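For reference, the structure is listed below as structure tokens.
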Amino acid sequence: MHAYTTWVVANPLLAAAVQFALLGTLGEVISHTLTARRPGLPGTPLQMLAKMADWALLGVIIKYGFAGMKGFTLALIDHNLLPRVCAGGLAWAFSVSVLTNILFGPQMMAFHRLTDNLILRRRGFAGIQRAWWTLLWFWIPAHTLTFSLPREYQIGLAAVWSVVLGAILGLSTQKGPR
């Protein structure tokens, strides 16, 4: 674990990109496999490479988003727009999670849908409302736990959560014979 934290601290953007490239893509593969009820990829091999690059970019965006939303939360506390109790502990983690997922999450998801559509040569935003609902029932609780951890573990756990959500969504939308 020491090697991991040393690498993450020394290479924060690269670490975010690599973790999301691997785990975000894995989450999509798991979701696709569970939905289809057979092993498979949600795209051609070339599209999968593009999806990995897209997830890497999203990892960097999320890294910046996490840092920015923590600063935003502190600014709200400093300006007495959030109670002081939100400055530490579980209240801090919950506050950052709510603000991140309400103010940053929808735009990040829309950007991800746009880039995914470009990669897969699709149009439209069908299903984006379902994705936005995950901000409330999945991402706020998940990121409350994420933001309660030391900073060097937060991006890694956020990437792991994308695998968990992929499995949940895949199980909830299975197609084909049972």
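The values are calculated or read from the model by the stated rules, or taken from the named source; none is laboratory data. Since this is a predicted model, take the numbers as computed values, not measurements. Cβ placement follows ideal geometry from the backbone for every residue including glycine, while neighbour counts extend to all protein chains displayed.
Brief remarks on what is shown
- Test: residue in region 55-68 that is touching a residue at least 60 places away in the same chain (Cβ under 8 Å) and of a type outside the set (A, V, I, L, M, F, W, C): yes
- Among the candidates 101, 117, residue that is within 14 Å of the chain's Cα centre (by Cα) and closer than 19 Å to residue 24 by Cβ: 101
- The number of residues in region 28-57 being under 17 Å from the mean Cα position of the chain (by Cα) and within 14 Å of residue 112 (Cα to Cα) comes to 8.
- Scanning region 41-58 for residues that are outside any loop (DSSP other than H, G, I, E, B) and of a type in the set (Ser, Thr, Tyr) yields nothing.
- Of the set (1) in contact (Cβ under 8 Å) with a residue 40 or more places away in the chain; (2) surrounded by 13 or more Cβ atoms within 10 Å (Cβ to Cβ), all apply to residue 171 but (2).
- Entry remark, region 109-125: residues being aliphatic (A, V, I, L, M) and surrounded by fewer than 17 Cβ atoms within 10 Å (Cβ to Cβ) number 4 in total.
- Verdict on residue 17 being surrounded by 13 or more Cβ atoms within 10 Å (Cβ to Cβ), modelled with pLDDT of 95 or more, in contact with a Leu (Cβ under 8 Å, 6 or more places away or on another chain) and small (Gly, Ala, Ser): yes
- Count - residues of region 13-40 that are part of a helix (DSSP H, G or I) and touching a residue at least 60 places away in the same chain (Cβ under 8 Å): 18
- Complete set of residues in region 90-115 that are touching a helix residue (DSSP H, G or I) at 6+ places or on another chain (Cβ under 7 Å), under 27 Å from residue 47 (Cβ atoms) and not polar (S, T, N, Q): 104, 105, 106, 108, 109, 110, 112, 113
- In this entry, residue 140 is excluded by the filter for residues that are surrounded by fewer than 19 Cβ atoms within 10 Å (Cβ to Cβ), aliphatic (A, V, I, L, M) and under 20 Å from residue 35 (Cβ atoms).
One line per residue, one yes/no per condition, for (1) of a type in the set (Gly, Ala, Ser); (2) over 23 Å from residue 46 (Cα atoms); (3) in contact with a helix residue (DSSP H, G or I) (Cβ under 6 Å, 6 or more places away or on another chain):
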{"residue": "122", "(1), (2), (3)": "no, no, no"}
{"residue": "134", "(1), (2), (3)": "no, yes, no"}
{"residue": "137", "(1), (2), (3)": "no, yes, no"}
{"residue": "141", "(1), (2), (3)": "no, yes, no"}
{"residue": "146", "(1), (2), (3)": "no, yes, yes"}
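- When the residues of region 20-41 are filtered to those that are charged (D, E, K, R) and surrounded by fewer than 20 Cβ atoms within 10 Å (Cβ to Cβ), the one that is nearest to residue 165 (Cα to Cα) is 37.
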